[in-house]
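Colleague: Pasting a structure below so you can have a look.
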Amino acid sequence: MEVNADSLDKANKTIELFLSEAKTHATQTLHLDPILRTKKIKSLIEKYINIDFMARATTGPFWNKATYLQKQSYKSALLNQIIITIEVHLNKLSSLTYNTINTEPRGTKLIYIRGIIEDLNKVKPSINLLWKVALNKADQYQILDLEIENVSLVSSHKAETISLLRRNKGNFDLLIEKLNKTK
């Protein structure tokens, strides 16, 4: 499928909806039981973030050597890491605004969306973002990666993951154990 103006618009709307739903989640679930709150954010993340891509991208060539069960366990551990990270920063969303700066196709499937997060109270500095989105198998746009001030979340996680896997001769079980310990 070729990226056209309609595709760019749909990709932008995906990011806007994700941020809007995350902001709503932050304000509406503040006083919920932590387990229920996590369950709600998990469904939001699964809807908008391509965990399959991130799992493959962050493990590089080791992905093909992992068993099916190891792959599923790693994806679950990675999802939990994302949930923890988002939950830590979620409450900050209520005082922030997001604006798209530009959207551009990258090849035939990938779309880059540059944006900026600004503090309405002007207390915190602005943060530059680069969302990398693409269509999934269900023909929905999902986030593949996010660069925050030119630091890719996938690349930084991949560096840690590959290093750990190399040190442990590709032992996925040790990687999963380490990720699960940081909950």
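The values are calculated or read from the model by the stated rules, or taken from the named source; none is laboratory data. Fair warning: this is a prediction, and the values are worked out from it, not measured in the lab. All Cβ positions, glycine included, derive from the backbone under ideal geometry; neighbour counts span all protein chains shown. All accessible areas refer to the heavy atoms of the entire protein, side chains included, with ligands and DNA or RNA removed. Shrake-Rupley method; radii C 1.70, N 1.55, O 1.52, S 1.80 Å.
Colleague: Filter the range 135-150 for residues that are in a loop (DSSP other than H, G, I, E, B), over 18 Å from residue 58 (Cβ atoms) and not aliphatic (A, V, I, L, M); which is most open to solvent (accessible area, probe 1.4 Å)?
Modeller: 137
Colleague: What's the number of the only condition in (1) outside any strand (DSSP E or B); (2) in contact with a Gly (Cβ under 6 Å, 6 or more places away or on another chain) that residue 63 fails to meet?
Modeller: With respect to (1) outside any strand (DSSP E or B); (2) in contact with a Gly (Cβ under 6 Å, 6 or more places away or on another chain), residue 63 is out only on (2).
Colleague: Filter the range 151-179 for residues that are among the acidic types (Asp, Glu) and either in a loop (DSSP other than H, G, I, E, B) or free of Cβ contacts under 8 Å to residues at least 12 places away in the same chain (or both) and give the result.
Modeller: Result: 160, 177.
Colleague: Before we move on, is residue 111 open to solvent by less than 50 Å² (accessible area, probe 1.4 Å), touching a residue at least 60 places away in the same chain (Cβ under 8 Å) and over 28 Å from residue 13 (Cβ atoms)?
Modeller: So residue 111 fails the test.
Colleague: Could we say that residue 154 is β-branched (Val, Ile, Thr), modelled with pLDDT of 90 or more, surrounded by 14 or more Cβ atoms within 10 Å (Cβ to Cβ) and in contact with a Leu (Cβ under 7 Å, 6 or more places away or on another chain) here?
Modeller: no
Colleague: Quick check on my filter: what residues within the range 99-132 are among the hydrophobic types (A, V, I, L, M, F, W, C) and either touching a Ser or Thr at 6+ places or on another chain (Cβ under 6 Å) or part of a loop (DSSP other than H, G, I, E, B) (or both)?
Modeller: 113, 116, 120, 123
This table checks each residue for (1) over 15 Å from the mean Cα position of the chain (by Cα); (2) surrounded by fewer than 13 Cβ atoms within 10 Å (Cβ to Cβ); (3) at pLDDT 95 or above; (4) polar (S, T, N, Q).
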position	(1), (2), (3), (4)
17	no, no, no, no
38	yes, no, no, yes
41	no, no, no, no
55	no, no, yes, no
77	no, no, no, no
87	no, no, no, no
94	yes, yes, no, yes
117	yes, no, no, no
121	yes, yes, no, yes
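Colleague: Something else now. Given (1) modelled with pLDDT under 90; (2) surrounded by 14 or more Cβ atoms within 10 Å (Cβ to Cβ); (3) of a type in the set (D, E, K, R), where does residue 132 come up short, assuming only one miss?
Modeller: (1)
Colleague: Moving to a separate point now. Report, by residue number, each residue of the range 1-53 that is farther than 24 Å from residue 81 by Cβ and in a loop (DSSP other than H, G, I, E, B).
Modeller: 1, 2, 3, 4, 31
Colleague: In addition: Would you pick out the residues in the range 135-151 that are within 22 Å of residue 5 (Cα to Cα), modelled with pLDDT under 95 and out of contact with any Ser or Thr (no Cβ under 9 Å at 6 or more places or on another chain)?
Modeller: Within the range 135-151, 136, 137, 138, 139 qualify.
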